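Visitor: My questions will all concern the structure given below.
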């Protein structure tokens, strides 16, 4: 049976909303014949975040040494059995019950596409939802559309809206070992070697809250921000320059 894997990195102190994500994933309606696998990877070895979700056959839990989200995602990737892969952070949600189904349907219908992305809705503490400012038009994305946006400082999509072929993510080496922007990195690497589709409907609810990593002083350090973006953009440019293209397996 074909499987889509949802991969969630989680750490001690960062799982207050994990039960909501569990309910959200439990309610996903997939196309006929498809099944969902949820790979939870703790960044650290306390076990507490993994205990916040009940055991179930469709949920795979593991823990590893602390090393940040990129390392946790890449460790979790080792257990992914699905042909398609989606990352959802522990404090975020999917907007509706057909979110994963839309990505499956596009990638099933178009075997030459390596990935999809989608609009993101910011969920503010007062409960209101706000769309992103730079969403591309729906449809097949032009070459370099996302990379050119990133070079302007306006990456058009959130990296965590990405659903990609699992073998493509593995081929690209998973998430770069940087303290942030690693999810954007995988999107830009996928774009460099394969065609991708922009969904019309939102693919993520991004929760704004005081405990998130993106409000910390370290995240907003100007020198680190410049460096991590430079690392990702340089690697994406190198992939484009290689002229190598991903092709689907039989």
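Throughout, read-outs are computed from the coordinates displayed, never taken from laboratory work. This structure is a prediction, so every number in the text was calculated from the model and none was measured. Here the Cβ is made from the backbone with ideal geometry for all residues, glycine too, and neighbour counts use every protein chain on show.
Visitor: Grab the DSSP H runs of the chain that are 4 residues or longer, score each as -39,500 (n - 2.57), total them, divide by all residues and round the 222 nm result to the nearest 500 deg cm²/dmol.
Guide: Helices in the chain give a 222 nm mean residue ellipticity of -9000 deg cm²/dmol.
Visitor: Could you give the C-alpha radius of gyration of the chain expressed as a fraction of 2.2 N^0.38 Å, taking N as the number of residues it contains?
Guide: 0.94
Visitor: With the contact rule set at Cα under 8 Å and sequence spacing of 6 or more, what percent relative contact order holds for the stretch 102-250?
Guide: Numbers: 228 pairs, mean separation 51.1, N = 149.
Relative contact order, the stretch 102-250: 34 percent.
Visitor: Could you please rank 43, 96, placing first whichever residue has the fewest other Cβ atoms within 10 Å of its Cβ?
Guide: Numbers: 43 24, 96 17.
In order of increasing Cβ crowding within 10 Å: 96, 43.
Visitor: Just want to confirm a number: the relative contact order over the chain, from Cα pairs under 8 angstrom separated by 6+ residues, in percent. Mind showing how you got there, number by number?
Guide: On the way: 498 pairs, mean separation 55.3, N = 250.
Relative contact order, the chain: 22 percent.
Visitor: A further question on this structure: Name the shape class, rounded, prolate or oblate, that the alpha-carbon gyration tensor gives for the stretch 105-250, where a ≥ b ≥ c are the square roots of its eigenvalues, rounded holds for a/c under 1.5, and otherwise prolate holds if a/b is larger than b/c and oblate otherwise.
Guide: In terms of gyration-tensor shape, oblate.
Visitor: Got the relative contact order for the stretch 1-64 handy, in percent, Cα pairs under 8 Å and 6 or more residues apart?
Guide: 43 percent
Visitor: Rounded, prolate or oblate, given the Cα gyration tensor of the stretch 61-124, with a/c below 1.5 counting as rounded?
Guide: Values: a/c = 2.39, a/b = 1.32, b/c = 1.81.
Taking the square roots of the gyration eigenvalues as a ≥ b ≥ c, the stretch 61-124 is oblate.
Visitor: On to the next question. Place a point 7 Å from the Cα of residue 208 along the Cα-to-Cβ direction; which residues of the stretch 114-142 have their backbone N under 19 Å from it?
Guide: Within reach of a label on residue 208, which here means backbone N under 19 Å from a point 7 Å along Cα→Cβ, the stretch 114-142 contributes 119-135.
Visitor: Also, quick follow-up: Where does each of 205, 231 land when they are ranked from fewest to most other beta-carbon atoms within 10 angstrom?
Guide: If I rank by nearby Cβ atoms, fewest first, I get 231, 205.
Visitor: Quick check: residue separation of residue 23 and residue 247 times 0.36 nm, minus the Cα distance between them. What number comes out in nm?
Guide: Result for the pair: 77.1 nm of gain on full extension.
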